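Working notes, beginning with the structure itself.
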Amino acid sequence: MEYDIKDPGLVELGKQRIEWADANMPVLASIRERFVEQHPLDGMVIAACLHITTETANLLRTLSAGGARVVACASNPLSTQDDVAASLVHDYGIEVFAVRGEGEEKYYAHIDACLDAHPTMTMDDGCDLVTRLHRERPDQAENVIAGTEETTTGVIRLRAMEAAGALRYPIIAVNDAYTKHLFDNRYGTGQSTLDGIIRATNVLLAGKKIVVAGYGNCGRGVASRSRGMGAQVIVCEVDPLRSLEAVMDGFRVEPMEVAAREGDIFITVTGDRDVLRSEHFALMQDGAILANSGHFDIEIDLKALTKMADGNKRQVRPGVDEFQIDDSQSSGSVGSGVVTVDRSTQGGNIAMEDGGARKGGKKRIYVIAEGRLVNLGAAEGHPAAVMDMSFANQALCSEWAVQSASGLARSVHRVPEHIDEQVAKLKLESLGVQIDTLTDEQIEYLRSWEIGT
Ligand code: ADE
């Protein structure tokens, strides 16, 4: 068995944590019990490019219980939990190629190691595995019956592949299941993003101005949880409908040009690049904290920030980099001239080692987790209870793919409604929540059109 992990010595901790998560993943556990009996994935080789976390471990165990050979690599260089990787290899016999902090070369070498197993199914989070296979090993596509995709960014890339006629096998967009995006993206991202910011900085959120860029499901979650923590929230959005929704949800909506001048903490959740860029850095106040919760590390233009800091960058806490920018670059290259506020005279906002004192002539901007997914880079990702539904969808979709793939076109497919409904029912059951059912008369009424006023 081949693998590449950081430290086999972490195995015991990893197992303990995987079991802790499992206790909060009852839907997935019930699927696993059935998979042990029925072996619906017999003969399958599943290559999984996912965040290697305790929750993912329980998904991979489930696929393995279903009879699949499972090989796994990370879907982000900074999200791997090395103890989990160790336990997956040594306790659960799963081939894992993932080391936290791996560079880009190693990241792709690990994806290649998974492809060396000649998967018959792919399970992706962000579409790096699928694009690697299509670009570098197109001949392997004919072995693959189907794939699944976990996240919004990955689905967008896959739809672009489909539109370009490049997609060589069917993909099921797990992200688009209601029991995935309405919960994982909203409540999962909402909580775990703040968790990452708090763990990295230990700043008080109450009373802060938090700027949330993007008001999709993830942004909604982040904005509502930020408000719940007592922050004043400003939403920045490019879509008129979403902007209107944010307004009616009670948030202040502003262009980033305005928000940049006021924010204490900036959180990007858009899926697009350069959401925070030089013109915004120039406007920001001393001590601004930047975090990204979109899939890729493109939302904060770190190249521009690094250039503006001209080498004045240092790590001030684990996972927090300080960029010092000369005041000469801080007078508002967007809009009317704005002078940055010196918050050392206002008490400062960040508990850094120098107590938040402002360096003469420079303002400081802090970036968490190198601009990578803050919830996985600085915390543990979404809690198990919400990943339970996302990964129940993954497990059931891989079973469905075995049953149905031969009839599926080479395009991006929705999760079948019966799977979404099954996951919702199982989750409610696990929560001990009972719901009403329609009477026969009510069903009849909904089917009829004759009865009006
Ligand atoms: N994506 C977000 N949170 C996650 C988690 N805990 N495990 C796997 N993927 C995730």
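The values are calculated or read from the model by the stated rules, or taken from the named source; none is laboratory data. Only a predicted model underlies this, so the values are computations on that prediction, with no experimental measurement involved. All Cβ positions, even for glycine, are placed from backbone atoms using ideal geometry, and neighbour counts span all protein chains on display. Side chains included, ligands, DNA and RNA excluded: accessible areas come from the protein's heavy atoms. Shrake-Rupley method; radii C 1.70, N 1.55, O 1.52, S 1.80 Å.
Restriction of the GluC sites (Glu not before Pro) in the range 1-91 to DSSP coil positions whose beta-carbon has at most 14 other beta-carbons within 10 angstrom yields Glu2.
Summing charges over all other residues whose Cβ lies under 12 Å from the Cβ of Thr270, with Lys and Arg as +1 and Asp and Glu as -1, gives -3.
Can you tell me which of 271-277, 178-184 comes out highest on packing, and rank the rest after it, using the mean Cβ neighbours within 10 Å?
Working: 271-277: 18.9, 178-184: 22.1.
Most protected by this proxy first, the peptides run 178-184, 271-277.
Rounded, prolate or oblate: which fits the range 3-77 when a ≥ b ≥ c are the square roots of the eigenvalues of the alpha-carbon gyration tensor, with rounded for a/c under 1.5 and prolate only if a/b beats b/c? Oblate, because a/c is 1.5 or more while a/b does not exceed b/c. The C-alpha atoms of the chain define a longest principal axis, and helix 104-115 lies at about 10 degrees to it.
Ordered from highest to lowest accessible area with the whole protein assembly present and a 1.4 Å probe, Asp310, Asp7 read as Asp310, Asp7.
Annotation: lysines with alpha-carbon distance below 21 angstrom to Lys208 (same-chain offsets under eight excluded): Lys363.
Here is the tail figure for the range 174-267: Cα pairs spaced more than 16 Å apart come to 52 percent of all pairs.
Based on Cα coordinates alone, diagonalise the gyration tensor for the range 52-91, multiply each eigenvalue by 5, take square roots, and list the semi-axes in whole Å, largest first.
On the way: eigenvalues 61, 22, 14 Å².
Semi-axes (√(5λ), whole Å): 18, 11, 8.
As a length-normalised measure over Cα pairs under 8 Å and 6 or more apart, the relative contact order of the range 177-266 settles at 30 percent.
Dipole of the chain computed with +1 at Lys/Arg Cβ and -1 at Asp/Glu Cβ about the Cα centre; of Ser30, Gly93, Ala260, farthest Cα towards the positive end is Ala260. The alpha-carbon atoms of the range 247-303, seen along their principal axes, cover 34, 26, 16 angstrom, with the largest extent given first. Ligands, DNA and RNA excluded, the heavy atoms of Ser390 present near 0 Å² of accessible surface to a 1.4 Å solvent probe. Distance from the Cα centroid of the range 412-453 to that of the range 226-268 is 35 Å (rounded to whole angstrom).
Which GluC sites (Glu not before Pro) in the range 402-453 pass both tests, a DSSP loop state and at most 16 other beta-carbon atoms within 10 Å? Can you show the working numbers first?
Working: sites: Glu417, Glu421, Glu429, Glu441, Glu444, Glu450; in loops: Glu450.
Hits after loop and neighbour filter: Glu450.
Of the residues Met229, Met1, ranked by 1.4 Å probe accessible area with the largest first, the sequence reads Met1, Met229. Here the accessible area is traced with a 1.4 Å probe on the protein chains. For the range 163-265, carbon and sulfur cover 54 percent of it. In degrees from 0 to 90, rounded to the nearest 10, what is the angle of the helix 26-38 Cα long axis to the longest principal axis of the chain? For helix 26-38, the angle is close to 30 degrees.
Please label the shape of the range 1-159 as rounded, prolate or oblate, based on the square roots a ≥ b ≥ c of the eigenvalues of the alpha-carbon gyration tensor (a/c under 1.5 means rounded; beyond that, a/b larger than b/c means prolate, else oblate). Numbers along the way, then the final one.
On the way: a/c = 1.59, a/b = 1.18, b/c = 1.35.
Verdict is oblate for the range 1-159.
Starting with the highest mean, order 373-386, 134-147, 200-213 by the number of other Cβ atoms within 10 Å, averaged over the residues of each peptide.
Details: 373-386: 24.5, 134-147: 15.9, 200-213: 20.1.
The most tightly packed comes first, giving 373-386, 200-213, 134-147.
For the chain, the longest principal axis of the Cα atoms and the long axis of helix 54-65 meet at an angle of about 20 degrees.
With an 8 Å Cα cut-off and a minimum separation of 6 or more residues, compute the relative contact order for the chain in percent. Present the calculation step by step, with values, prior to reporting the outcome.
On the way: 973 pairs, mean separation 76.8, N = 453.
The value is 17 percent.
For the range 57-103, the relative contact order works out to 43 percent when only alpha carbon pairs closer than 8 Å and six or more residues apart are counted.
Summing +1 for each Lys or Arg and -1 for each Asp or Glu among the other residues whose beta-carbon sits under 11 angstrom from that of Lys6 gives -4. The spread of Cα positions in the range 148-202, taken along each principal axis and listed from longest to shortest, comes to 47, 23, 13 Å. The Cα center of the range 1-76 and the Cα center of the range 91-112 differ in position by 15 Å. Per residue, the chain exposes an accessible area of 43 Å² to a 1.4 Å probe, with every protein chain left in place.
Share of carbon and sulfur in the accessible area of the range 62-132 stands at 44%, probe radius 1.4 Å.
Relative to the Cα centre, the charge distribution of the chain, modelled as +1 at Lys and Arg Cβ and -1 at Asp and Glu Cβ, gives a dipole magnitude of about 1220 debye. The residues packed around Arg137, meaning those with a beta-carbon under 14 Å from its beta-carbon, carry a net charge of -3 if Lys and Arg are +1 and Asp and Glu are -1. Decide, for the chain, between rounded, prolate and oblate: order the square roots of the alpha carbon gyration tensor eigenvalues as a ≥ b ≥ c, take rounded if a/c falls under 1.5, and otherwise choose prolate if a/b is larger than b/c, else oblate. Because a/c hits 1.5 or more and a/b exceeds b/c, the chain counts as prolate.
Surface calculation, 1.4 Å probe, protein heavy atoms: Ile31 sits at approximately 0 Å² accessible.
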